Structures are given as C-alpha cells and as structure tokens.
1. Using only the Cα atoms of segment A:86-138, what semi-axes does the equivalent ellipsoid have when each is the square root of 5 times a gyration tensor eigenvalue? Give whole Å, largest first.
2. In whole Å, what are the extents of chain B along the principal axes defined by its C-alpha atoms, from largest to smallest?
3. Rounded to whole Å and sorted largest first, what semi-axes of the equivalent ellipsoid does the C-alpha gyration tensor of segment B:277-357 yield via the square root of 5 times each eigenvalue?
4. On a C-alpha basis, how far is the centre of segment B:287-354 from the centre of segment A:75-112 in Å? Whole number, if you could?
5. Please tell me the relative contact order of chain A in percent, rounded to the nearest whole number, where contacts are Cα pairs under 8 Å and at least six residues apart.
6. Can you give the percent of C-alpha pairs in the protein assembly as shown whose distance is more than 42 Å?
7. Can you give me the Cα centroid spacing of segment B:22-56 and segment A:48-74 in angstrom?
8. Taking only the alpha-carbon positions of segment A:72-172 and ignoring solvent, what does the Debye formula give for the base-10 log of I(q)/I(0) at q = 0.12, 0.14, 0.18, 0.21 Å⁻¹?
Amino acid sequence: MQKSIDNRAWFLVAPVFMLVAFNAILPLMTVVNYSFQDTFSNNQFFWNGAQWYVELLDPRSELGERFYGSLGRSLAFSAIILAIEVPLGMMVALAMPKRGAALAVCLMMMALPLLLPWNVVGIIWQLFARDNIGLFGWTVNAIGIPFNYTNSAISSWVVIVLMDVWHWTSLIALLCFAGLRAIPDAYYQAAKIDGASRMLVFLRIELPKLQRVLTIGILLRFMDSFMIYTEPFIVTGGGPGNYTTMLSINLVKIALGQFDLGKAGAMSIVYTLITLSVCWVFYTIITMREEKEGAA
Amino acid sequence: MAQIQLENLAHSYLVNPTKPWQWALKPMNMTWRQGGAYALLGPSGCGKTTLLNVISGLVTPSHGRILFDGRDVSRIPTEARNIAQVFQFPVVYDTMTVADNLAFPLQNRGVSKDIVAARVSQVGHMLGLEPIMNRRARGLTADLKQKVSLGRGLVRSDVGAILFDEPLTVIDPHLKWQLRAQIRRVHAETDVTMIYVTHDQTEALTFADSVVVMYQGEVVQIGTPQELFDRPAHTFVGYFIGSPGMNVLPARIEGDRAHIGSHVLQLTKGIAATPPDAKVEIGIRPEYLRVERSGPGLPVRVRRVDDIGRIKIVHCELDGLPIAAVAGEDAEIPADHVVLVPEPSQIHVYCNSHRVE
C-alpha cells in the first residue's frame, strides 16, 4: 500500500505528547535545571556547571559521603528484603490450599496488607514495635533481648525489614501462587511416574515454571523497596543517627530540610538513572529469555 | 513385562454412587495381554482417561482390584508400579537436556551411572533423538518433546506397560503418522504392553491389534478392527466405528423376522424372545444396504447424496427415520424413491443397546 506523507499527522500525537510533557518531562527538566545551578535566596540562581555532580560522586566530600552512605543502606535494605521475601513468598505459595473456602480466606488475608496505605503500615509498626506499649517490642524485651528502635541500629533495621516483609511478602506469594496454578497436572503426574522426590519436583518443574513471575516479582519489589520512604520515615525518621536514612529520606532532607535545591537536583538525577538502569537490566533479561523461547 | 488384569474394577468420584451416571467407570473384568497393542477408544468423558489413570495409579479405584502379572497393585503408588505414561500435552523437564530427561527416571531409582548411560543412548538411538541429546528440552518442538516423554518410559528396563493419553493431540498433522508409526515400531522392538487412549477411530484402528471401545464408563466391546466393524456388540460401537455409522432402527422381533414399522426383514436365524419392556433395535451398516430401484426391501425416500469420491453416501428417510446407504461411485441414484436391500447376515439385533444372537 502506498502511504501518503502528511505532516499534519503530528497533531494526532500532540495530546499524548503534552500529557507526557506536563507530568514527566517538564518536572524532570526543572530538576535538571536546578542540578546545574546554585542559589542563595530571593530566587536568584547562578550557573554552577557540573559541580554538584562532582561533589555528589566524590566520596570524600560531605555530600558524597551522605550519598554513598544512604545508597549503600538502600541497596542493603533491598537486598535483605528480597532475600527474605522471595523464598518466603514461594514457600507460602507452595503451602497455600489449592481450592475451596480455605483458599478464599487465605487470599483475602494475604491481600489485606497489600491494600493498606504506606503511612498506615508505618504507624501500625511504629506502635507495635515500641518497647513500652507495643506488643512486639514489649514481648521481645520481656524475653530478655534488649530491643529499642529509637536508640539501637539493629533494632531499627529489624523493625523496618519486618515491616516490609509483613507488607509485601503476599505480593510474591500471590504471584507465585498464580504461577504454580498455571502448571498442568500432567507435570506432577509425570514426575510421580518418574519417581521424582518432592525436592526434585520443586527444582525441575516448579522453579523453572516460576522463573517468569519471579522475575517480575523481584523487579517490582526491588523498585519499590529501593524507593521506600514513608514507612522508615514514620517509624524511625531515618534514625537512630543516620542508620535508617535511605536514599529517598536523604534526598528529602537535603531538598526540603536544608533547601539545597542544587544538591538535591543532582542526587535526584543520579537516583533516577540508577532506577532506570536496573529496570533496563531486568527488561533485557525478560525479553532475551522470551526471544530465546520464541526462537526455539 | 506385564499382563494387566482388572477384577471387578469400578470407580466413582462420589463416596456412595447410586445412579448409573455417578460411576466414572462401571464394574468391569478384563485382561490386557502382555505385549499387546491396545487402543482405548471412546468419546470425550466416557472414562478412558480415568481407566488409564487407575491403571497407572494416579487414581485409586473405589472398587475392585488391578493385578500386574497376578500381583495386586491396587494400593501401590504410581512410582512403584512398572508403568510409564505419556500425556496429551508433552511433559519435559525444561531446564534439563534431552539426555538428562531420559536419565531422570533411572537416576531417581538409584540405577548405577554406567547402566543409565547405556540405557539412555540405547533409547535415544531407538527414537532417533541422537542429534539433539545435548540440547535443552525447553526449545524442542511438540513431537520431539512427546518422543522425549515416551523415551522416559522406555528407558526403564522394568517398565511392563506404557500408557498413552491421546499423545498426538498437539502434534502437527503431517508428523502424526510418522510419530504413530514410530510408536508401533518401538512396540515391535520392545514387546512392551501399550495402551493408547484416543477418540479418533482412525488412530485407534491403525495403532492397535485390539481396540477397546468405551461408552459411558463401560467397556462395550473388545476386538480387532475387523470385528468392531462386522459385529458391533453395542449400538454405540456401530455408530462410532465406521463412517457413516451404522443405521440403528427401532424394531420388533418375532422369531426370525424383524418388523420395522410396517416393513418386515428376514433374519438368517431366529432370535430368542426379548423381555417385553426392553428397547429392541436392529442395526445395519450402510455398506451392507444395496440401493435398488424397485423390488423387495425397505422403500425409502432419498434426501441427499454425498459424493465423496470413491463412494456415494445416500442419505434416506424410512417413515421419517434417517437411514444411510453406501453406493458405488458410478451408481445412478434416482431422485426420489429407492429400495434398500439389506444383506441378511449383516442385520444385527440389539436389546437395550447390546447385541443379541
């Protein structure tokens, strides 16, 4: 078919372009703009070149130290919760009832934490984990383990990790459950005939079939935990000291606490780039695997 | 090697079946000969797969016993029976190579490495899988996957029977013949009992020495393809085997005469009196009805003639009942009224759907 060329067609994409421009590109450009400038007051800005970036990425500077410190904490937090939530979610999915009323109850109970707003989860755990009036904190102290998230780094990490596990393990479990349900019975029957043990059924059938949902689950959980802000902010406020100051909390402190728009801008851009590149890696893994399956 | 006997075997998914339809398998006694090639034929939902799963042990029968070479295995789990099964959708272990797939059942049973390697290469050779032994099973085509799952059954030297549950459903048509022929060849080479479930009569008739026809949870006939065609033991067999199926007409029998409405057909021999409230029918295959212009026989009205090349199928109506006949490709079929003359030896009498002599 002969396609006619008519540049007026650009008008047809204009609405989408405007929408994306207003809610993504323009705000981002504002941040880019700030990240290259410095200001003292009165809305007076000075060109600062790449100076903020140089400072940010230099671990010896004050800003760089804070950046790398909080980046490390954010990565550690994501790694810890993934290491707990993925195996735990898989185990929960394997142990879930397959049908009937028990399944309905189970699904509902598991969906509940997913429906709670982040700050509500934060408040629940802020109270639950207190050493004086919180059931959890009080119990742990009562059995002889000193636990106080306001002055102990370990306690504070225990609380925010537990909170995230409580909040989000269901997501992995539900994804895995859906993945497991998609495996035809014939696989299990064949494994029985082949005399495979339960462990081999898991390793040779279930795990390979779960690969796809697990990739998506890990991606979602990584992004979400890497950007976590509300819950640690409400429970610990980033403390004690800086022990639970994640990248996002640090960013807000710099931008709104100190009103250092230039530093915050530079940090935002680097933060965004890290997030995007992790997304890109996952996306590449998923598409490469699908291509391999499609080609074969 | 195994001869499989079913003793009063029955299965219901309900605890206390009272009505006939509540039985997935109605009580049956039969023997599957060691080394036989059987086809289990029947429509969807007739209990074929249930019977297969009962034999392989995936389903525990609610009644009766299964004997392998005289040993009761009814309560023995699948993995301890010398049975392999190939499923409708090919089952392979995606992440393992073809060779590892074949070795899997042996490794799980603790067979020594040398024997595993020898058996795997032997079976790989038998099924023509040699060029792909080191490839991952994930990317294989459906027919190769099906061969791999057949291979997992063959590789065990203790396997006495291999059960196939509609194994060619997802295979491309031009590969179906090839794969079926290969299964036949493997059967000839190994002397393993094979039971092949299908709802496709061509597949059943070309695969098996013996065809077991099931209908509503009941085995209605076991026989060679020829027997099923010539002496259908049940009206369902007559209808299911052959194309077009057997004509079944309600009738009344008096000695050696069959009355169909006002028409009378002469039988070759007398039939014992049938119970008064029984449903009595006669069955005549279209192939044994000769189309004549006039004379003694069944006067019918021609409704449609299907010319399918080598033969013509003449669809007629006898007092409102459909009846079909087969005529040669050169036969001239009058447009309206003809007479169908049956071959007397090929008129079967059915009482409550079962054939009576």
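1. Each semi-axis is the square root of five times an eigenvalue, giving 28, 13, 11 Å.
2. 77, 49, 30 Å, listed from the longest principal axis down.
3. Rounded to whole Å, the semi-axes are 24, 13, 12.
4. So the two Cα centres are separated by 67 Å.
5. Values: 287 pairs, mean separation 79.1, N = 296.
Taking the mean separation of contacting Cα pairs over the length of chain A, I get 27 percent.
6. Value for the protein assembly as shown: 53 percent of Cα pairs lie more than 42 Å apart.
7. 73
8. -0.48, -0.64, -0.96, -1.13
Every number in this text was worked out from the coordinates using simple rules, so none of it is lab data. Just so we're clear, the structure is a prediction, and the values are computed from it rather than from any experiment. So basically every Cβ, Gly included, is an ideal-geometry build from the backbone, and we count neighbours across all protein chains shown.
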